[in-house]
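Everything below concerns the one structure shown next.
The numbers here are math on the coordinates, done by the rules we state, and not lab data. It should be emphasised that the depicted structure is a prediction, and the values quoted were computed from it without experimental measurement. Note that each Cβ is placed from the backbone with ideal geometry, even for glycine, and that neighbours are counted across all protein chains shown.
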Amino acid sequence: MPKITSLKVDTLKRLLRERKLDTMGKKSELVERLSRALGSDEVECEDIDGVEEEVSIQSQINTLKDMMENVMLIIQQQRQVTTPIVDLPANESSESKVNESALTQKPSYEPIQRTYSVQEMAEILPEYDPTKDSTFGVEQFIDRVEKAAQAYECEETLLLLAVYRKLKGPAKLWLDSTPEFFGTWNELANALMEEFSTNADEADIHFKMTSTVRRQDESISEYCFRMSALGRRYGISETAAVKYTRAGLKHRELQQAIAPIRFRTMRGLREASGQYFASIANCSNRSNLMSSTGKRDPYTKEDVDKRKKADPKVMCYNCSEPGHISSQCPKPPRRERCRDCHKVHPKNSPTHCGRTETKTCSVRKVLNHKPVTINGFTYDALIDTGSECSMIHKTVAYKLGVDIRKCKLRISGVCGGTCVIEEVLTNKTYD
């Protein structure tokens with residue numbers, strides 16, 4: 001008796017199917033499942049002979065089908081070749097005429113209907129996800145499925161299996177959770193229409209199209225295709241979809257460049273955008289090559305840095321020399337300043353405007369700090385010589401372990417207010 005591990009996958013599945021066991025999984029899983037069912041790692045030869053005989057018959061049938069398809073293809077090619085017409089003499093016998101009619105008669109063959117697999121049909125059908133703007137709406141999806149089924153003449157069971165594989169997102173969750181079983185395509189199509197059809201009015205469509213703008217990581221072509229799909233979903237014209245697309249490009253230079261152009265198709269908008277970016281790339285390349293032609297040498301980063309260092313930050317408008325402003329210029333002024341506001345007024349203006357001079361100054365008070373060590377702890381102390389006492393945080397006082405007594409000390413001047421301190425340390429002086 002042969003080992004179960006030496007059998008082919010088709011043979012293993014056949015033996016499992018005869019014993020009403022599950023046939024899904026890898027070969028190792030099938031071997032283990034069949035071994036448990038038989039209670040041994042060997043199988044009888046009678047079962048294998050029957051399976052192998054059936055497999056061989058099926059392979060012969062498939063080979064004959066392929067041969068018939070090739071023969072029919074050759075016959076169809078020969079039928080397309082024109083047969084020359086030959087004039088026969090008048091005294092030709094009736095037997096030759098019969099032979100001629102037999103040769104010129106064209107045989108009739110029935111067309112061969114090809115069978116498709118579920119994977120092939122699933123590759124033809126589009127995906128449907130109600131949450132994605134780039135996919136079809138439920139009406140367009142149903143129409144596309146019906147046209148594909150009519151064109152390829154596939155069976156309804158095969159069509160249902162292919163449609164099940166193309167439902168994504170909420171549509172897939174809805175199909176898995178629905179208690180009903182759809183045995184025909186019409187039942188599934190009606191259920192999809194009832195569940196996911198949207199009755200959007202003009203205001204909803206306008207709000208959706210205007211709020212859909214180009215993402216930061218999205219190219220112009222991808223955005224155009226997404227807006228085109230969204231326009232087909234809501235059934236608006238291509239001209240209107242182009243206008244919504246132009247408004248949501250989020251590219252100011254491109255929008256200014258194509259502003260005087262009127263596009264009637266989305267393809268024209270995509271081509272114009274591609275030409276714009278191509279011309280921008282060519283201009284940047286030409287500007288880099290101008291130094292070799294001798295017309296103009298572009299500034300480099302080092303030249304810009306040198307000019308920034310050489311240019312003065314402060315320039316006097318009176319003597320045109322750097323380093324000071326006109327109000328502090330030691331040279332005599334070109335024009336007399338106003339005696340009230342100390343500013344230079346326009347020509348032929350009075351030197352007494354009546355406004356007082358405003359001077360702004362910034363005062364920065366330097367605070368002196370000093371490290372102080374108390375009971376083995378080092379703190380950053382503020383040197384305050386103008387106050388009667390120094391303040392310390394309560395947590396620091398508890399950490400030092402000093403005596404604290406009750407008091408009623410009023411302190412004023414802190415942020416312009418007055419506060420009363422109820423606790424104070426005992427009289428101690430540090431540093």
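Round to the nearest 0.05 the FRET efficiency obtained for Glu321 and Ser177 when R0 = 51 Å and r is the Cβ-Cβ distance. About 0.05, to the nearest 0.05. The mean sequence separation of alpha-carbon pairs under 8 Å and at least six residues apart, normalised by the residue count of region 202-286, gives a relative contact order of 29 percent.
Between Arg215 and Ile411, the FRET efficiency estimated from the beta carbon spacing at R0 = 41 angstrom works out to 0.10.
Distances between placed amide hydrogens fall under 5 Å for Ala381 paired with Lys370, Val372, all partners being 5 or more residues away or on another chain. Most tightly packed first, judged by the mean number of other beta-carbon atoms within 10 Å of their residues, the peptides 151-163, 251-263 read 151-163, 251-263.
Simple rule: put +1 on each Lys or Arg Cβ and -1 on each Asp or Glu Cβ in region 118-196, find the dipole, and look at Gly183, Ala122, Thr157; the Cα lying farthest toward the positive end is Ala122.
Give, in nm to one decimal, the length gained when the segment between Arg267 and Lys20 is fully stretched (0.36 nm per residue of separation minus the Cα-Cα distance).
Values: separation 247, 0.36 × 247 = 88.92 nm, distance 5.76 nm.
That pair, Arg267 and Lys20, stretches by 83.2 nm at full extension.
Annotation: amide H of Cys329 has no partner in the under-5 Å range at sequence separation 5 or more or interchain, hydrogens built in the peptide plane.
Please work out the ratio of the alpha-carbon Rg of region 118-196 to 2.2 N^0.38 Å and round it to two decimals. Write down the numbers at each step before the final one.
Numbers: Rg = 11.6 Å, N = 79, 2.2 N^0.38 = 11.6 Å.
Ratio of Rg to 2.2 N^0.38 Å for region 118-196: 1.00.
Applying 1/(1 + (r/R0)^6) with r as the Cβ-Cβ distance of Gln255 and Thr157 and R0 = 56 angstrom yields a FRET efficiency of 0.60. For region 150-216, the set of trypsin sites (Lys or Arg not before Pro) satisfying both a DSSP loop assignment and a count of at most 14 other C-beta atoms within 10 Å is given as Arg215.
Computed extension length for Asp143-Ala200: 18.6 nm, one decimal, from 0.36 nm per residue of separation with the Cα-Cα distance subtracted.
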